[in-house]
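Colleague: The structure follows.
The values are calculated or read from the model by the stated rules, or taken from the named source; none is laboratory data. What you see is a predicted model; the values in this text were computed from it and never measured. With ideal geometry, Cβ positions are generated from the backbone for all residues, glycine too; neighbour counts draw on all protein chains shown. Accessible surface is based on the protein model in full, side chains and every heavy atom, while ligands, DNA and RNA are left aside. Shrake-Rupley method; radii C 1.70, N 1.55, O 1.52, S 1.80 Å.
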Amino acid sequence: LSGNARNWFLTGNPDSYRNFTGKGLRCLLDVPNAEVYRNAHHSSGGFCSQSQPLGEKIPSLQISSAGQLTHHFPAWNLQIIRSFHTSPSLQAAPVPLFWIIVKPAQKLFAIILGRSIRKWWKALPPNKRELFKESARKNKWKILLGVSSLGVVFVMFYFTHLEETPITGRARLMVFGKEHFRELSQMEYDMWMDLFKSQMLPETDAGYRLVETIVGHLSESNKDVPQISALKWVIHVVDEPAVNAFVLPNGQVFVFTGLLDAVSDIHQLSFILGHEIAHAVLEHAVKKASLVHFLDFLSLIFLAMIWAICPRDSLAVVGQWIQSKLQEFMFDRPYSRTLEAEADKVGLQFAAKACVDVRASSVFWQQMELAEAIEGQPKLPEWLSTHPSHENRAEHLDRLIPEALKIRESCNCPSLSGPDPRLIFRLNMQRLLKLAEGQEAPNSTKQDPSKPKLDFPHT
(Lines give C-alpha, C1' and ligand atoms only; values in the text may rest on other atoms or scores of the structure.)
Protein backbone atom coordinates (compact mmCIF):
# COMPACT_ATOMS: atom_id res chain seq x y z
CA LEU A 1 0.00 0.00 0.00
CA SER A 2 1.16 3.49 -0.68
CA GLY A 3 0.07 7.02 0.08
CA ASN A 4 -3.47 7.99 1.03
CA ALA A 5 -4.93 4.80 -0.42
CA ARG A 6 -3.51 2.88 2.54
CA ASN A 7 -5.25 5.13 5.03
CA TRP A 8 -8.55 4.89 3.17
CA PHE A 9 -8.43 1.11 3.39
CA LEU A 10 -8.18 1.33 7.17
CA THR A 11 -11.31 3.48 7.30
CA GLY A 12 -13.31 0.94 5.35
CA ASN A 13 -13.87 3.04 2.22
CA PRO A 14 -14.39 0.53 -0.63
CA ASP A 15 -13.59 3.16 -3.24
CA SER A 16 -10.09 3.86 -1.93
CA TYR A 17 -8.24 1.51 -4.23
CA ARG A 18 -6.93 2.22 -7.74
CA ASN A 19 -6.12 -0.41 -10.30
CA PHE A 20 -3.59 0.06 -13.06
CA THR A 21 -3.55 -2.22 -16.10
CA GLY A 22 -0.13 -3.41 -17.20
CA LYS A 23 1.25 -2.26 -20.54
CA GLY A 24 1.83 -5.41 -22.52
CA LEU A 25 3.25 -7.40 -19.60
CA ARG A 26 2.21 -11.03 -19.46
CA CYS A 27 2.15 -13.30 -16.47
CA LEU A 28 5.05 -15.60 -15.90
CA LEU A 29 3.07 -18.57 -14.63
CA ASP A 30 -0.05 -20.38 -15.80
CA VAL A 31 -3.22 -20.50 -13.74
CA PRO A 32 -3.93 -24.20 -13.13
CA ASN A 33 -7.35 -25.60 -13.93
CA ALA A 34 -9.73 -25.12 -11.03
CA GLU A 35 -11.12 -28.63 -11.55
CA VAL A 36 -7.78 -30.18 -10.59
CA TYR A 37 -7.78 -28.36 -7.29
CA ARG A 38 -11.45 -29.02 -6.75
CA ASN A 39 -10.81 -32.75 -6.65
CA ALA A 40 -8.40 -32.44 -3.71
CA HIS A 41 -8.97 -35.13 -1.09
CA HIS A 42 -8.94 -34.44 2.64
CA SER A 43 -8.29 -36.93 5.46
CA SER A 44 -7.22 -36.31 9.03
CA GLY A 45 -4.32 -37.88 10.83
CA GLY A 46 -2.24 -36.76 13.81
CA PHE A 47 -0.71 -33.31 13.74
CA CYS A 48 -1.34 -32.93 10.02
CA SER A 49 -4.45 -33.66 8.00
CA GLN A 50 -3.05 -35.49 5.01
CA SER A 51 -4.22 -34.26 1.64
CA GLN A 52 -3.39 -34.38 -1.99
CA PRO A 53 -1.30 -31.60 -3.54
CA LEU A 54 -3.05 -28.53 -4.80
CA GLY A 55 -3.56 -28.96 -8.49
CA GLU A 56 -0.84 -29.37 -11.04
CA LYS A 57 2.67 -28.11 -10.53
CA ILE A 58 3.65 -24.69 -11.73
CA PRO A 59 4.66 -25.15 -15.38
CA SER A 60 8.40 -25.21 -15.83
CA LEU A 61 10.13 -22.68 -17.98
CA GLN A 62 11.04 -24.03 -21.37
CA ILE A 63 14.80 -24.03 -21.86
CA SER A 64 16.51 -25.14 -25.06
CA SER A 65 19.34 -27.67 -25.18
CA ALA A 66 21.77 -24.78 -25.49
CA GLY A 67 20.55 -23.42 -22.16
CA GLN A 68 18.68 -20.47 -23.69
CA LEU A 69 15.17 -19.48 -22.71
CA THR A 70 12.60 -20.26 -25.37
CA HIS A 71 9.86 -17.83 -26.35
CA HIS A 72 7.13 -19.25 -24.14
CA PHE A 73 5.17 -17.06 -21.80
CA PRO A 74 1.69 -18.03 -20.54
CA ALA A 75 -1.01 -15.56 -21.50
CA TRP A 76 -1.87 -14.05 -18.13
CA ASN A 77 -2.47 -10.35 -18.03
CA LEU A 78 -0.81 -8.81 -14.99
CA GLN A 79 -2.52 -5.80 -13.44
CA ILE A 80 -0.44 -3.01 -12.01
CA ILE A 81 -1.94 -2.31 -8.63
CA ARG A 82 -1.25 0.80 -6.61
CA SER A 83 -3.10 -0.42 -3.53
CA PHE A 84 -3.10 -4.07 -2.54
CA HIS A 85 -4.64 -4.88 0.80
CA THR A 86 -5.42 -8.26 2.29
CA SER A 87 -6.68 -7.36 5.72
CA PRO A 88 -10.02 -6.45 7.27
CA SER A 89 -10.79 -2.86 6.45
CA LEU A 90 -12.32 -2.09 9.85
CA GLN A 91 -9.89 -2.60 12.70
CA ALA A 92 -11.14 -0.27 15.45
CA ALA A 93 -13.52 -1.85 17.93
CA PRO A 94 -15.83 -0.71 20.74
CA VAL A 95 -17.84 -2.39 23.49
CA PRO A 96 -19.32 -2.79 20.93
CA LEU A 97 -19.82 0.76 19.59
CA PHE A 98 -19.58 2.72 22.83
CA TRP A 99 -15.87 3.52 22.57
CA ILE A 100 -16.21 4.70 18.96
CA ILE A 101 -18.67 7.35 20.15
CA VAL A 102 -16.74 8.19 23.33
CA LYS A 103 -13.32 8.45 21.63
CA PRO A 104 -13.82 11.95 20.09
CA ALA A 105 -15.59 13.08 23.26
CA GLN A 106 -12.54 12.08 25.32
CA LYS A 107 -10.24 14.15 23.09
CA LEU A 108 -12.62 17.10 23.23
CA PHE A 109 -12.69 16.88 27.03
CA ALA A 110 -8.87 16.81 27.17
CA ILE A 111 -8.66 19.86 24.88
CA ILE A 112 -11.23 21.80 26.91
CA LEU A 113 -9.48 20.87 30.17
CA GLY A 114 -6.04 21.90 28.93
CA ARG A 115 -7.36 25.13 27.42
CA SER A 116 -9.20 25.98 30.67
CA ILE A 117 -6.03 25.45 32.70
CA ARG A 118 -4.11 27.77 30.36
CA LYS A 119 -6.77 30.52 30.62
CA TRP A 120 -6.95 30.12 34.39
CA TRP A 121 -3.18 30.51 34.63
CA LYS A 122 -3.15 33.62 32.42
CA ALA A 123 -5.91 35.18 34.50
CA LEU A 124 -3.96 34.79 37.76
CA PRO A 125 -2.30 37.95 39.14
CA PRO A 126 1.53 37.84 39.11
CA ASN A 127 1.78 37.53 42.90
CA LYS A 128 -0.54 34.50 42.98
CA ARG A 129 1.47 32.87 40.18
CA GLU A 130 4.62 33.22 42.27
CA LEU A 131 2.86 31.78 45.31
CA PHE A 132 1.65 28.86 43.23
CA LYS A 133 5.17 28.21 41.87
CA GLU A 134 6.64 28.38 45.37
CA SER A 135 4.03 25.91 46.62
CA ALA A 136 4.86 23.57 43.73
CA ARG A 137 8.58 23.73 44.59
CA LYS A 138 7.89 22.89 48.21
CA ASN A 139 5.66 19.94 47.30
CA LYS A 140 7.68 18.70 44.32
CA TRP A 141 8.19 15.28 45.87
CA LYS A 142 4.46 14.87 46.48
CA ILE A 143 3.78 15.87 42.88
CA LEU A 144 6.45 13.47 41.63
CA LEU A 145 4.95 10.69 43.76
CA GLY A 146 1.50 11.36 42.34
CA VAL A 147 2.75 11.30 38.74
CA SER A 148 4.75 8.13 39.42
CA SER A 149 1.70 6.47 40.97
CA LEU A 150 -0.30 7.28 37.85
CA GLY A 151 2.45 5.76 35.71
CA VAL A 152 2.48 2.63 37.87
CA VAL A 153 -1.29 2.28 37.41
CA PHE A 154 -0.88 2.34 33.62
CA VAL A 155 1.96 -0.18 33.75
CA MET A 156 -0.03 -2.50 36.02
CA PHE A 157 -3.06 -2.21 33.76
CA TYR A 158 -0.90 -3.11 30.75
CA PHE A 159 0.72 -6.19 32.28
CA THR A 160 -2.48 -7.44 33.90
CA HIS A 161 -4.23 -7.41 30.52
CA LEU A 162 -1.61 -9.45 28.64
CA GLU A 163 -2.66 -12.77 27.16
CA GLU A 164 -0.90 -15.44 25.14
CA THR A 165 -1.47 -15.39 21.39
CA PRO A 166 -2.79 -18.68 19.97
CA ILE A 167 -0.23 -20.74 18.02
CA THR A 168 2.66 -18.25 18.32
CA GLY A 169 2.50 -17.88 22.11
CA ARG A 170 3.46 -14.20 21.89
CA ALA A 171 2.18 -11.89 24.65
CA ARG A 172 -0.56 -9.51 23.54
CA LEU A 173 -2.58 -6.72 25.11
CA MET A 174 -6.31 -7.53 25.39
CA VAL A 175 -8.48 -4.66 26.58
CA PHE A 176 -11.73 -5.72 24.93
CA GLY A 177 -13.53 -9.03 25.30
CA LYS A 178 -13.81 -11.40 22.35
CA GLU A 179 -17.61 -11.40 22.60
CA HIS A 180 -17.62 -7.69 21.80
CA PHE A 181 -15.78 -8.36 18.59
CA ARG A 182 -18.22 -11.06 17.62
CA GLU A 183 -20.96 -8.43 17.83
CA LEU A 184 -18.88 -5.97 15.82
CA SER A 185 -18.03 -8.66 13.25
CA GLN A 186 -21.74 -9.28 12.70
CA MET A 187 -22.33 -5.56 12.25
CA GLU A 188 -19.45 -5.28 9.80
CA TYR A 189 -20.71 -8.37 7.96
CA ASP A 190 -24.14 -6.76 7.57
CA MET A 191 -22.48 -3.60 6.25
CA TRP A 192 -20.48 -5.47 3.62
CA MET A 193 -23.44 -7.57 2.54
CA ASP A 194 -25.57 -4.45 2.14
CA LEU A 195 -22.81 -2.73 0.19
CA PHE A 196 -22.10 -5.60 -2.21
CA LYS A 197 -25.47 -7.37 -2.28
CA SER A 198 -25.78 -6.81 -6.05
CA GLN A 199 -22.20 -7.94 -6.77
CA MET A 200 -22.10 -11.30 -4.99
CA LEU A 201 -21.25 -14.19 -7.28
CA PRO A 202 -23.57 -17.21 -7.09
CA GLU A 203 -22.41 -20.50 -5.62
CA THR A 204 -22.43 -22.02 -9.10
CA ASP A 205 -19.75 -19.60 -10.34
CA ALA A 206 -16.33 -21.17 -11.01
CA GLY A 207 -14.54 -18.48 -8.99
CA TYR A 208 -16.81 -19.07 -6.02
CA ARG A 209 -16.28 -22.83 -6.18
CA LEU A 210 -12.53 -22.35 -6.38
CA VAL A 211 -12.40 -20.13 -3.29
CA GLU A 212 -14.79 -22.46 -1.45
CA THR A 213 -12.60 -25.46 -2.22
CA ILE A 214 -9.38 -23.71 -1.17
CA VAL A 215 -10.86 -22.46 2.13
CA GLY A 216 -12.37 -25.89 2.78
CA HIS A 217 -9.04 -27.55 2.04
CA LEU A 218 -7.16 -25.17 4.36
CA SER A 219 -9.65 -25.57 7.20
CA GLU A 220 -9.75 -29.37 6.85
CA SER A 221 -5.97 -29.64 6.76
CA ASN A 222 -5.65 -27.45 9.86
CA LYS A 223 -8.60 -28.75 11.87
CA ASP A 224 -6.18 -29.64 14.68
CA VAL A 225 -6.12 -25.88 15.42
CA PRO A 226 -9.11 -25.29 17.77
CA GLN A 227 -9.70 -21.74 16.52
CA ILE A 228 -10.11 -23.04 12.95
CA SER A 229 -12.31 -26.04 13.71
CA ALA A 230 -14.56 -23.94 15.97
CA LEU A 231 -15.56 -21.52 13.20
CA LYS A 232 -17.92 -22.04 10.30
CA TRP A 233 -16.20 -20.55 7.28
CA VAL A 234 -18.66 -18.85 4.92
CA ILE A 235 -17.51 -17.77 1.45
CA HIS A 236 -18.45 -14.55 -0.32
CA VAL A 237 -16.92 -13.70 -3.71
CA VAL A 238 -17.53 -10.11 -4.79
CA ASP A 239 -17.46 -9.13 -8.45
CA GLU A 240 -15.17 -6.16 -7.89
CA PRO A 241 -11.84 -5.35 -9.64
CA ALA A 242 -10.10 -4.44 -6.36
CA VAL A 243 -7.23 -6.75 -5.43
CA ASN A 244 -8.56 -7.42 -1.96
CA ALA A 245 -9.51 -10.19 0.46
CA PHE A 246 -10.27 -10.29 4.16
CA VAL A 247 -11.71 -12.62 6.79
CA LEU A 248 -13.90 -11.33 9.61
CA PRO A 249 -13.36 -12.73 13.12
CA ASN A 250 -16.65 -14.67 12.84
CA GLY A 251 -15.41 -16.70 9.85
CA GLN A 252 -16.96 -14.68 7.02
CA VAL A 253 -14.53 -14.82 4.07
CA PHE A 254 -14.69 -12.05 1.45
CA VAL A 255 -12.66 -12.35 -1.77
CA PHE A 256 -12.81 -9.87 -4.64
CA THR A 257 -12.55 -11.08 -8.23
CA GLY A 258 -9.66 -8.65 -8.75
CA LEU A 259 -7.57 -10.88 -6.50
CA LEU A 260 -8.55 -13.99 -8.47
CA ASP A 261 -7.32 -12.25 -11.62
CA ALA A 262 -4.10 -11.03 -10.00
CA VAL A 263 -2.73 -14.30 -8.60
CA SER A 264 -0.70 -16.57 -10.87
CA ASP A 265 -1.92 -19.90 -9.54
CA ILE A 266 -3.85 -21.62 -6.79
CA HIS A 267 -0.74 -21.89 -4.63
CA GLN A 268 -0.49 -18.11 -4.38
CA LEU A 269 -4.23 -17.80 -3.73
CA SER A 270 -4.03 -20.51 -1.05
CA PHE A 271 -1.23 -18.67 0.74
CA ILE A 272 -3.16 -15.36 0.65
CA LEU A 273 -6.29 -16.99 2.05
CA GLY A 274 -4.16 -18.77 4.65
CA HIS A 275 -2.75 -15.35 5.59
CA GLU A 276 -6.27 -13.95 6.02
CA ILE A 277 -7.42 -16.96 8.05
CA ALA A 278 -4.35 -16.42 10.25
CA HIS A 279 -5.51 -12.84 10.92
CA ALA A 280 -8.84 -14.21 12.19
CA VAL A 281 -7.32 -17.10 14.17
CA LEU A 282 -4.72 -14.87 15.84
CA GLU A 283 -7.47 -12.32 16.63
CA HIS A 284 -5.45 -9.45 15.22
CA ALA A 285 -8.47 -7.14 15.12
CA VAL A 286 -8.84 -7.45 18.92
CA LYS A 287 -5.11 -6.93 19.46
CA LYS A 288 -4.89 -3.88 17.23
CA ALA A 289 -7.97 -2.23 18.72
CA SER A 290 -6.76 -2.94 22.28
CA LEU A 291 -3.38 -1.30 21.67
CA VAL A 292 -4.87 1.69 19.87
CA HIS A 293 -7.43 2.22 22.64
CA PHE A 294 -4.74 1.97 25.35
CA LEU A 295 -2.47 4.44 23.55
CA ASP A 296 -5.35 6.83 22.86
CA PHE A 297 -6.31 6.84 26.53
CA LEU A 298 -2.69 7.43 27.55
CA SER A 299 -2.32 10.22 24.99
CA LEU A 300 -5.20 12.15 26.57
CA ILE A 301 -2.83 13.21 29.34
CA PHE A 302 -0.31 14.57 26.83
CA LEU A 303 -3.11 16.18 24.82
CA ALA A 304 -4.32 18.10 27.87
CA MET A 305 -0.73 19.14 28.66
CA ILE A 306 -0.20 20.42 25.11
CA TRP A 307 -3.28 22.64 25.27
CA ALA A 308 -2.33 23.84 28.75
CA ILE A 309 1.31 24.70 27.96
CA CYS A 310 1.03 26.17 24.44
CA PRO A 311 0.42 29.94 24.67
CA ARG A 312 -1.92 30.04 21.64
CA ASP A 313 -4.57 27.74 20.18
CA SER A 314 -2.79 27.65 16.84
CA LEU A 315 0.38 26.30 18.46
CA ALA A 316 -1.68 23.78 20.43
CA VAL A 317 -3.24 22.50 17.20
CA VAL A 318 0.25 22.03 15.72
CA GLY A 319 1.42 20.28 18.89
CA GLN A 320 -1.63 18.00 18.83
CA TRP A 321 -0.92 17.09 15.18
CA ILE A 322 2.73 16.31 15.99
CA GLN A 323 1.68 14.16 18.93
CA SER A 324 -0.81 12.17 16.82
CA LYS A 325 1.79 11.59 14.08
CA LEU A 326 4.41 10.46 16.59
CA GLN A 327 1.94 7.95 18.02
CA GLU A 328 1.02 6.77 14.53
CA PHE A 329 4.56 6.26 13.24
CA MET A 330 6.15 5.09 16.50
CA PHE A 331 3.44 2.67 17.67
CA ASP A 332 0.41 2.15 15.40
CA ARG A 333 2.08 1.46 12.06
CA PRO A 334 5.01 -0.61 13.41
CA TYR A 335 2.52 -2.74 15.32
CA SER A 336 0.43 -3.22 12.16
CA ARG A 337 3.55 -4.36 10.28
CA THR A 338 4.31 -6.79 13.12
CA LEU A 339 0.82 -8.28 12.83
CA GLU A 340 1.20 -8.63 9.06
CA ALA A 341 4.51 -10.44 9.45
CA GLU A 342 2.96 -12.73 12.07
CA ALA A 343 0.02 -13.52 9.77
CA ASP A 344 2.47 -14.28 6.94
CA LYS A 345 4.32 -16.76 9.14
CA VAL A 346 1.24 -18.54 10.48
CA GLY A 347 -0.55 -18.39 7.11
CA LEU A 348 2.46 -20.04 5.48
CA GLN A 349 2.28 -22.83 8.07
CA PHE A 350 -1.43 -23.32 7.34
CA ALA A 351 -0.65 -23.52 3.62
CA ALA A 352 2.20 -25.99 4.21
CA LYS A 353 -0.06 -28.35 6.15
CA ALA A 354 -2.49 -28.20 3.20
CA CYS A 355 0.31 -29.38 0.85
CA VAL A 356 0.52 -26.05 -0.94
CA ASP A 357 3.70 -25.19 -2.83
CA VAL A 358 4.76 -22.61 -0.24
CA ARG A 359 7.57 -21.35 -2.49
CA ALA A 360 4.96 -19.51 -4.55
CA SER A 361 4.23 -17.16 -1.63
CA SER A 362 7.32 -15.01 -2.10
CA VAL A 363 6.84 -15.02 -5.89
CA PHE A 364 3.52 -13.24 -5.45
CA TRP A 365 5.14 -10.33 -3.62
CA GLN A 366 7.97 -10.22 -6.17
CA GLN A 367 5.30 -9.88 -8.84
CA MET A 368 3.76 -7.00 -6.92
CA GLU A 369 7.22 -5.40 -6.64
CA LEU A 370 7.67 -5.79 -10.38
CA ALA A 371 4.25 -4.30 -11.07
CA GLU A 372 5.03 -1.16 -9.08
CA ALA A 373 8.45 -0.83 -10.71
CA ILE A 374 6.96 -0.99 -14.20
CA GLU A 375 4.31 1.55 -13.28
CA GLY A 376 7.08 3.81 -12.02
CA GLN A 377 5.55 4.31 -8.61
CA PRO A 378 7.95 5.89 -6.09
CA LYS A 379 9.24 3.65 -3.33
CA LEU A 380 8.09 4.99 -0.01
CA PRO A 381 10.01 4.15 3.17
CA GLU A 382 8.51 1.18 4.97
CA TRP A 383 8.03 3.17 8.18
CA LEU A 384 5.34 5.18 6.38
CA SER A 385 3.30 2.05 5.72
CA THR A 386 0.99 -0.15 7.77
CA HIS A 387 2.30 -3.14 5.78
CA PRO A 388 5.83 -4.36 5.07
CA SER A 389 7.19 -3.44 1.64
CA HIS A 390 6.72 -6.02 -1.11
CA GLU A 391 10.46 -6.61 -1.29
CA ASN A 392 10.90 -7.11 2.45
CA ARG A 393 7.82 -9.27 2.55
CA ALA A 394 9.22 -11.57 -0.14
CA GLU A 395 12.57 -11.77 1.65
CA HIS A 396 10.83 -12.55 4.96
CA LEU A 397 8.86 -15.36 3.32
CA ASP A 398 12.03 -16.72 1.71
CA ARG A 399 13.50 -17.08 5.20
CA LEU A 400 10.36 -18.88 6.41
CA ILE A 401 10.00 -21.23 3.43
CA PRO A 402 12.61 -23.83 4.60
CA GLU A 403 10.69 -24.31 7.86
CA ALA A 404 7.39 -24.46 5.96
CA LEU A 405 8.82 -27.13 3.65
CA LYS A 406 9.73 -29.22 6.70
CA ILE A 407 6.16 -28.88 7.99
CA ARG A 408 4.90 -29.90 4.56
CA GLU A 409 7.16 -32.95 4.58
CA SER A 410 6.07 -33.94 8.10
CA CYS A 411 2.47 -33.95 6.86
CA ASN A 412 3.37 -36.63 4.27
CA CYS A 413 2.66 -34.30 1.38
CA PRO A 414 3.86 -35.39 -2.08
CA SER A 415 7.31 -34.15 -2.99
CA LEU A 416 7.59 -30.96 -4.99
CA SER A 417 8.89 -31.76 -8.44
CA GLY A 418 10.13 -29.40 -11.11
CA PRO A 419 12.06 -26.17 -10.75
CA ASP A 420 11.58 -23.71 -7.93
CA PRO A 421 8.96 -21.09 -8.98
CA ARG A 422 11.23 -18.41 -7.54
CA LEU A 423 13.93 -19.47 -9.98
CA ILE A 424 11.42 -19.45 -12.83
CA PHE A 425 10.41 -15.92 -11.93
CA ARG A 426 13.99 -14.73 -11.77
CA LEU A 427 14.90 -16.31 -15.13
CA ASN A 428 11.87 -14.77 -16.77
CA MET A 429 12.80 -11.40 -15.32
CA GLN A 430 16.28 -11.71 -16.81
CA ARG A 431 14.76 -12.52 -20.17
CA LEU A 432 12.36 -9.57 -20.02
CA LEU A 433 15.24 -7.25 -19.14
CA LYS A 434 17.29 -8.55 -22.08
CA LEU A 435 14.34 -8.05 -24.42
CA ALA A 436 13.86 -4.52 -23.08
CA GLU A 437 17.56 -3.75 -23.55
CA GLY A 438 17.44 -5.11 -27.10
CA GLN A 439 14.53 -2.84 -27.96
CA GLU A 440 16.21 0.24 -26.49
CA ALA A 441 19.68 -0.41 -27.95
CA PRO A 442 19.03 0.99 -31.46
CA ASN A 443 17.71 4.25 -30.03
CA SER A 444 20.09 4.95 -27.21
CA THR A 445 23.03 3.37 -25.46
CA LYS A 446 22.36 5.24 -22.22
CA GLN A 447 19.69 4.47 -19.69
CA ASP A 448 16.84 6.92 -19.51
CA PRO A 449 16.98 8.32 -15.95
CA SER A 450 13.20 8.93 -16.02
CA LYS A 451 12.53 5.20 -16.25
CA PRO A 452 12.59 3.09 -13.11
CA LYS A 453 15.43 0.67 -12.55
CA LEU A 454 14.13 -2.86 -12.08
CA ASP A 455 15.84 -4.42 -9.10
CA PHE A 456 14.17 -7.66 -8.10
CA PRO A 457 14.63 -9.65 -4.91
CA HIS A 458 16.05 -13.07 -5.65
CA THR A 459 16.79 -16.33 -3.93
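Colleague: Before anything else, pin down the relative contact order of the range 178-433: Cα pairs under 8 Å, at least 6 apart, normalised by residue count, whole percent.
Modeller: 17 percent
Colleague: Kirkwood Rh over Cα pairs of the range 145-216 into Stokes-Einstein at 10 °C, 1.306 mPa s: D in µm²/s?
Modeller: Value of D from the Cα-based Kirkwood radius: 95 µm²/s.
Colleague: 7 Å from Cα along Cα→Cβ at both LYS103 and PHE297: what's the point-to-point distance in nm?
Modeller: A separation of 1.5 nm, rounded to one decimal place.
Colleague: Tell me the Kirkwood hydrodynamic radius of the range 178-433 in angstroms, computed as one over the mean inverse distance between distinct C-alpha pairs.
Modeller: 20.4 Å
Colleague: Hey, what D do you get for the range 161-268 in µm²/s if you plug the Kirkwood alpha-carbon radius into Stokes-Einstein at 4 °C and 1.567 mPa s?
Modeller: 83 µm²/s
Colleague: If you don't mind, another one. So if R0 is 51 Å, what FRET efficiency would ARG137 and GLN377 give, r being the distance between their Cβ atoms, rounded to the nearest 0.05?
Modeller: Calculated value: 0.35.
Colleague: Testing the spin-label approximation: label points 7 Å from Cα along Cα→Cβ at MET193 and THR338. State their distance in nm.
Modeller: According to this spin-label approximation, the distance is 3.6 nm.
Colleague: If you plug each phi of the range 137-152 into the Karplus form 6.51 cos²θ - 1.76 cosθ + 1.60 with θ = phi - 60°, what whole-Hz ³J(HN,Hα) values come out, in order, with x for Gly and Pro?
Modeller: So the Karplus estimates, Gly and Pro as x, are 5, 5, 10, 4, 6, 5, 5, 4, 5, x, 5, 5, 4, 5, x, 5 Hz.
Colleague: Accessible area, 1.4 Å probe, largest first: how do ASP332, ASP239 sort?
Modeller: Descending order: ASP239, ASP332.
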